[in-house]
Amino acid sequence: MKSHYIFKSILAVAVIAMASCKPELKSITPSKGTADFSRYIAVGNSLTSGYADNGLYLEGQQNSFPLMIATQMKTVGGGEFYTPFFREDQSDGSGHVRLASFTATGLPVIVPVADKLAVRGPGPLYTKYTGELNNYGVPGIKLGLITFAQYGNLNPFYERLLPGVPPNNTTTYLDFVTAKPFTFFSMWLGNNDILGYATTGGASPADQPTPKATFTALYNLAASKLMMGGGTTAGAAKGVVSTIPDVLTTPFFTTVTLPTLLKTVQAAAPTITALWITTGTGTVRAATTQDYFLLTLSSANVIGTGAIPYGLAPQNPIESKWVLDKDEAAVVADYTNAYNATIKSVAAANSLALVDANALLKEYTGTGKMVNGATVSSAYVTGNLFSLDGIHLTPMGYSLIANEFIRSINGKYGSSIPTVDVTKYRGVKFP
Amino acid sequence: MKKILLGLLLGLPVLGYSQSFQVNLQGQKQTAMAGAGTGVALDEAAVFFNPGAVSFLKKNGVQAGISPLYLKTAFRENGSNITEYNKDKLATPVMGYAVFGNPEGRLRFGLGIYTPFGGAMHWNEDWTGKYTVTSLDLQAIYIQPTISLKITDNIGIGGGLVYSMGKVDLRRAVPLTLNNGQSGTAKLEGDTHDFGWNAGIYVKTVSGVSIGVTHRSQVTARVKDGDAKFDVPEALIAGFPTKFTAELPLPATSSIGFGFYPSEKTTIALDANWVHWNKYKELAFVYNNNQRVENTRSPRNYHDAAALRLGIQNQTTERLALRAGVGYAFTPVSEGYVTPEVPDANRVLLSAGIGYKASEHFNVDFSFLYENVKARNETNIETGLSGEFKTVAYIPGISLSYKW
């Protein structure tokens, strides 16, 4: 009898213990620190808008890094966050690209996706967005243009956010984003001030780098205006700013190289040992490994074509628009460094949180880095970091950016915004 | 009987772990005493605990037992506010022993079937560490025919050949996005068949204290021609392997144990185990196609680790025995090497149990073991997975024995 009782008691204790046995970790107290996230706005360009795969489309917008941050901010008093989404029936937005297959030699075949465009007129102009707005990311915008009153007539991504139609738009970008009070901002501007020069091979007169002095003046202006939080009191809003990544480390410039081009050429013409290029100054010379070729050169399928084979003879060199020659690359590096020096000093002078996106993305060059067991690198297509355009990021890439912003904000303002789970976001979709 | 036991063992999905992927649930009496039993001749499970003590068992017998193991691990990525848990999965390591021969004679025989290594860790398919592992099922069942010789009235030696049958099923996500937006997956499955041995010496000293020293050899579990199943994008699948080979050392354990008998009814067992984990340097997979995936060599760099176990048994009445124990196991896993398939750390063991003699021949034993694994927060050197693990395990158990 006694043993029966003991046996039952032990069983009872065991059952109770097992039922309540989940191990607990120390709880985290949510805190907004010294910041106020009740209305967060995101100011920036394509990277802020969620642009990917050579276009702005709904899935990209849904995976923008500001939206990730805003969602996490809700645990520490963040308010609603509105993104100018394309409608579901126009989810391809501006149009984008996808990976369709690989060629026999393993090159990716990239094709356009334009089934559900949000085009409302020639230009093209895109379907207007009306309603609340927090993500002000405008693909293509340069810092150099944020005070340009006519900009709303030139950039359709900006135009779609404005009530007016061309040629009647006169609101500058900086006025537009500060029209309504806000408490917190992220500003990631400056990339396009040098990117356009780089991606056109330095060959476009319309896309010369923004002068350094102009950049500094406008960055200071933007920071001081944003810190007024849409009002007139300095310090009404707090914020985070970011350096711009060195575009020369992106797959747009690192995928097509002199060795890869020569290898392709030599498969058909083994005697060829040099490629000829036109430099930014108009000189024709043999390419070296210090010259950069654009990602788009390989899909253009021009090399070796024509009576005098394109690029294989000095009489018919590769045009300057496909090449960022050594000197042009030095210009890109010089401006990138100067812009980043400005961004860092403005952040320091105004006590803003700073993300060094340039340093962050450099960690993934070469063989890359392990992120929660996944290899992430800046390799084209397979690296998980960059989308198919080779410049903008994948959802996984944007989530890494979001976490860096979150860590920087938490570090500066003593808040406890939780990071996002990077592994929940995808890389390039494969067929 | 042997066939039934064997069938039962092979048919069941096994396990959990007790120090890294070592499992220490080889007998209900011993489990109730925190796993101590090297220096005492308690019952048929001596085939495992000390083959030298088998010849000192007063009766022949067979026993079969099971220890359903409920293990819960919490993980929180550093920076995140979300705690993730492994899936509920009851592992059921089983054990069976038989001892025969003439109890009056010097020579006895034994057979043991037990599971000294295993693991059953299942995370959600989309958890934050999915690219490191989503599930691991590992089991090594040892079958050990044993011979034990009483050299003198006070000294016994014994040894057994170990035949190990292993099974591994490791799954993880592959960081390539399928067209539907999901990650690819990999599943590595294989069997192992290897040999080892177990030997021990048991001494009854004049002071009344009994001493046991044993060594269980390393078994190197080799998977040859294992199946590698990659669910990855069609455009890439031709570059992925279909077969793999791998090796996992199931480390040697050296033990010394003491038995104290403060009264006729009370037995105290004290064990120290030294597990030679330093052989586990890396987990390497060699594939038959390296176009898309390199062979992997994941560093583990385990170091040797000890465990201390103290148990007490009191024969309260003629029919009833009460048992309790406490133990401490040091982790073999160095800082920076904790992995989610075996989120090991130093652990405290608390146990209790009862034995009931139902008749002259039949005995039933119950045990309950609680393991509290210390919380551990670190960043894995290989994968970069950074966060805090905390594990507890609750392991009830029962065995039935028939003695003659």
Quiz item: From the list B:181, B:196, B:208, which one is within 14 Å of chain A (Cβ to nearest Cβ), small (Gly, Ala, Ser) and either under 21 Å from the mean Cα position of the chain (by Cα) or surrounded by fewer than 21 Cβ atoms within 10 Å (Cβ to Cβ) (or both)?
Solution: B:181
Quiz item: Can you name the condition, by its number, that residue A:86 falls short on among (1) within 12 Å of another protein chain (Cβ to nearest Cβ); (2) under 29 Å from residue A:191 (Cβ atoms); (3) in a loop (DSSP other than H, G, I, E, B)?
Solution: (1)
Quiz prompt | Of all residues in region A:283-295 being in contact (Cβ under 8 Å) with a residue 12 or more places away in the chain and part of a loop (DSSP other than H, G, I, E, B), the one that is nearest to residue A:110 (Cα to Cα) | solution = A:295
Quiz item: Would region B:77-93 turn up any residue that is farther than 30 Å from residue A:76 by Cβ, in a loop (DSSP other than H, G, I, E, B), modelled with pLDDT of 95 or more and within 11 Å of chain A (Cβ to nearest Cβ)?
Solution: no
Quiz item: Is one or more of the residues making up region B:288-295 assigned to a strand (DSSP E or B) and either modelled with pLDDT of 95 or more or not acidic (Asp, Glu) (or both)?
Solution: no
Quiz prompt | Members of region A:89-114 that are in a helix (DSSP H, G or I) and either more than 23 Å from the chain's Cα centre (by Cα) or not assigned by TED's automatic domain parsing to the domain that holds residue A:401 (or both) | solution = A:89
Quiz item: Does any residue of region B:187-205 turn out to be in a strand (DSSP E or B) and free of Cβ contacts under 8 Å to residues at least 12 places away in the same chain?
Solution: no
Quiz item: Counting just the residues of region A:283-304 that are loosely packed, with under 13 Cβ neighbours inside 10 Å, farther than 25 Å from residue A:361 by Cα and modelled with pLDDT of 90 or more, which one comes out nearest to the chain's Cα centre (by Cα)?
Solution: A:288
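Residue-wise test of (1) basic (Lys, Arg); (2) under 15 Å from residue B:66 (Cα atoms); (3) more than 10 Å from every other protein chain (Cβ to nearest Cβ).
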residue: B:348; (1), (2), (3): no, no, yes
residue: B:351; (1), (2), (3): no, no, yes
residue: B:366; (1), (2), (3): no, yes, no
residue: B:370; (1), (2), (3): no, no, no
residue: B:374; (1), (2), (3): yes, no, yes
residue: B:380; (1), (2), (3): no, no, no
residue: B:391; (1), (2), (3): no, no, no
residue: B:401; (1), (2), (3): no, yes, yes
Quiz prompt | Condition broken by residue B:361, with the remaining ones in (1) buried (at least 23 other Cβ atoms within 10 Å of the Cβ); (2) under 30 Å from residue B:316 (Cβ atoms) satisfied | solution = (1)
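Examine region B:121-136 for a residue that is within 16 Å of the chain's Cα centre (by Cα), aromatic (Phe, Trp, Tyr) and either under 17 Å from residue B:20 (Cα atoms) or outside any strand (DSSP E or B) (or both), and state whether such a residue exists.
no
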Self-check item: Selected residue [within 30 Å of residue B:122 (Cβ to Cβ), touching a residue at least 40 places away in the same chain (Cβ under 8 Å), assigned to a strand (DSSP E or B) and more than 29 Å from the chain's Cα centre (by Cα)] from B:233, B:175
Solution: B:175
Quiz item: For region B:322-333, does any single residue satisfy the condition of being out of contact with any Gly (no Cβ under 8 Å at 6 or more places or on another chain), within 11 Å of another protein chain (Cβ to nearest Cβ) and within 22 Å of residue B:70 (Cβ to Cβ)?
Solution: no
Self-check item: Within region B:268-316, considering residues that are among the hydrophobic types (A, V, I, L, M, F, W, C) and in contact with a Leu (Cβ under 6 Å, 6 or more places away or on another chain), the one surrounded by the most Cβ atoms within 10 Å (Cβ to Cβ)
Solution: B:270
Quiz prompt | Cβ pairs under 9 Å, 6+ apart, first in region B:157-172 and within 14 Å of chain A (Cβ to nearest Cβ), second among the hydroxyl-bearing types (Ser, Thr, Tyr) and part of a strand (DSSP E or B) | solution = B:170/B:135; B:171/B:135; B:171/B:185; B:172/B:135; B:172/B:185
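Could you go through region B:136-150 and let me know if any residue there is within 14 Å of chain A (Cβ to nearest Cβ), modelled with pLDDT under 95 and closer than 30 Å to residue B:240 by Cα. Walk me through how you get there before you give the answer.
Step one: list which residues in region B:136-150 are within 14 Å of chain A (Cβ to nearest Cβ), which gives B:136.
Next cut, modelled with pLDDT under 95 only: B:136.
Remaining after also requiring closer than 30 Å to residue B:240 by Cα: B:136.
Among the residues of region B:136-150, at least one is within 14 Å of chain A (Cβ to nearest Cβ), modelled with pLDDT under 95 and closer than 30 Å to residue B:240 by Cα, which makes the answer yes.
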Practice problem: Identify the single condition in (1) part of a helix (DSSP H, G or I); (2) touching a residue at least 60 places away in the same chain (Cβ under 8 Å) that residue A:263 does not satisfy, given that it satisfies every other one. | Solution: (2)
Quiz item: Counting just the residues of region A:186-196 that are buried (at least 22 other Cβ atoms within 10 Å of the Cβ) and more than 14 Å from residue A:49 (Cα to Cα), which one comes out modelled with the lowest pLDDT?
Solution: A:195
Exercise. Out of B:225, B:231, report the one residue that is at pLDDT 95 or above and acidic (Asp, Glu).
Key: B:231
Practice problem: Go through region A:383-409 and count every residue that is at the interface with chain B (Cβ under 8 Å from one of its Cβ atoms) and touching a Pro at 6+ places or on another chain (Cβ under 9 Å). | Solution: 2
Quiz item: Name the residues in region B:221-267 that are in contact with a His (Cβ under 8 Å, 6 or more places away or on another chain) and surrounded by 18 or more Cβ atoms within 10 Å (Cβ to Cβ), would you?
Solution: B:251, B:252, B:253, B:255
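The values are calculated or read from the model by the stated rules, or taken from the named source; none is laboratory data. These numbers come from a predicted model, not from an experiment. With ideal geometry, Cβ positions are generated from the backbone for all residues, glycine too; neighbour counts draw on all protein chains shown.
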